[in-house]
Amino acid sequence: MEKNYSNISEISIKYTPLAPDMPTIICSIDAYVLFLDFYPQDTIGIQEKVFAMYLNRANRVIGIFPVSTGGITGTVADIRLILSVALKCGATGIIISHNHPSGSLKPSRMDKELTIKLKEAGCIMDIALQDHIIVVPEVGKYYSFADEGEL
């Protein structure tokens, strides 16, 4: 009996090198400023979003990926999705960011758990979680897990 595998999807990997003018992340404010452009100012105070920034070995930005969009009080950040994108683009570092529509800079228990899990999972693959940044609707205010010694 002959088997037909024509309905199985082909997996492909594509790598496009960095543009020469991609920024380098030196500190948390560098990442915060880049992330801010991705948060729509008309919904930052009502809808939670998660983004992941991918970095090469020299801390140059490869790109930013929209991980998830949720509601007023939360959203789901899938660690497998975050790391699969890192593997696909050859990243050696990740910085994640999400917003708190409430305006509170205090990380929740779930924020802390996500940070720990992502850091541990990344370590297995030599992909460093360099920071987790919480942004709020008030421009200029953010919380950096790295700056606060929580990484």
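Relative to the longest principal axis of the Cα atoms of the chain, helix 109-124 runs at roughly 40 degrees. Residue separation of Thr73 and Ser108 scaled by 0.36 nm, minus their Cα-Cα distance, works out to 11.5 nm of gained length. Protection proxy ranking, highest mean first, for peptides 39-45, 21-27: 39-45, 21-27, where packing is the per-residue count of other beta-carbon atoms within 10 Å, averaged. The GluC sites (Glu not before Pro) of the stretch 67-151 that DSSP puts in a loop, and whose beta carbon has at most 16 other beta carbons within 10 Å, are Glu138, Glu148, Glu150. For the stretch 65-147, the Stokes-Einstein estimate of translational diffusion at 10 °C and a viscosity of 1.306 mPa s comes to 119 µm²/s, using the Kirkwood hydrodynamic radius over alpha-carbon pairs. Only helices enter the 222 nm calculation for the chain: every DSSP H run of n ≥ 4 contributes -39,500 (n - 2.57), and dividing by all residues gives -7500 deg cm²/dmol, rounded to 500.
With contacts taken as Cα pairs under 8 Å at a separation of at least 6 residues, the stretch 28-144 carries a relative contact order of 28 percent. Estimated at 0.36 nm per residue, the fully extended path between Glu10 and Met22 surpasses their Cα-Cα distance by 1.2 nm.
Starting from the coordinates of the alpha-carbon atoms of the chain, obtain the Kirkwood hydrodynamic radius over all distinct pairs and give the value in Å to one decimal. Could you put the intermediate results ahead of the total?
Numbers: mean 1/r = 0.0614 Å⁻¹.
Result for the chain stands at 16.3 Å.
Coordinate-derived values only; no laboratory data. Just so it is clear, the model here is predicted, and its values are computed rather than measured. Note that each Cβ is placed from the backbone with ideal geometry, even for glycine, and that neighbours are counted across all protein chains shown.
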